[in-house]
Amino acid sequence: MSTTIAAIAIARNSHCGNSHCGNGHCSNHQLRYSCVVPTKKQPGDEVLEALDALCAALDENVASAQRIRKRAAVIKAEREKGLSYSEIVPAGEHPLIPELVSANLERLFEAGSRLRRAEAKALHDEGLSMDAIGELFGVTRQRVSALLKPVRNS
């Protein structure tokens with residue numbers, strides 16, 4: 001079994017240093033990297049499951065970011081035509097940009113929290129102390145203790 005991890009690196013334009021200038025030399029700023037990492041997934045490996053969930057959240061956020069950029073371009077163009085925000089926003093595509101941004105943040109927060117808890121638990125199960133995990137994560141021992149407690153579903 002393998003897990004696919006994709007990452008996007010943003011290249012800078014060598015002519016102007018801007019990653020989005022559109023001067024003709026900037027036709028493809030996104031360098032796409034794809035890494036297939038073979039894994040022998042152990043049943044119940046919460047860290048790998050959390051990584052998969054994080055990658056899925058990142059993929060959703062990339063798609064959402066593209067929608068945000070398109071909507072932002074439309075808003076800018078409509079403002080240049082002299083339209084007011086009270087004309088532009090209600091007539092625009094839903095969900096609105098603030099809603100999309102909030103959804104992106106929530107997805108990353110949830111996936112990141114799941115990964116942080118899974119990693120803390122895995123490291124603790126492998127014998128690392130809460131102090132050592134706290135040092136790795138840049139948090140206090142007390143925060144690690146909270147990460148190691150079971151999550152209550154509400």
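Computed values, structure above
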| quantity | calculated |
| --- | --- |
| Filter pass, Ala57 being of a type in the set (A, V, I, L, M), loosely packed, with under 11 Cβ neighbours inside 10 Å and assigned to a helix (DSSP H, G or I) | no |
| Tally of residues being touching a residue at least 40 places away in the same chain (Cβ under 8 Å) and either of a type in the set (D, E, K, R) or touching a Ser or Thr at 6+ places or on another chain (Cβ under 7 Å) (or both) across the stretch 104-116 | 4 |
| Residue match in the stretch 17-40 (condition: surrounded by 11 or more Cβ atoms within 10 Å (Cβ to Cβ), at pLDDT 95 or above and among the β-branched types (Val, Ile, Thr)) | no |
| Single match in Val151, Val101 (criterion: outside any helix (DSSP H, G or I) and either among the hydrophobic types (A, V, I, L, M, F, W, C) or in contact (Cβ under 8 Å) with a residue 24 or more places away in the chain (or both)) | Val151 |
| Criterion (exposed (fewer than 15 other Cβ atoms within 10 Å of the Cβ) and more than 22 Å from the chain's Cα centre (by Cα)) met by exactly one of Gly127, Gly138 | Gly127 |
| Qualifying positions in the stretch 64-93 - of a type in the set (A, V, I, L, M) and either surrounded by 12 or more Cβ atoms within 10 Å (Cβ to Cβ) or modelled with pLDDT under 95 (or both) | Ala65, Ile68, Val74, Ile75, Leu83, Ile88, Val89, Ala91 |
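The values are calculated or read from the model by the stated rules, or taken from the named source; none is laboratory data. All values reported here derive from a predicted model rather than from experimental measurement. Here the Cβ is made from the backbone with ideal geometry for all residues, glycine too, and neighbour counts use every protein chain on show.
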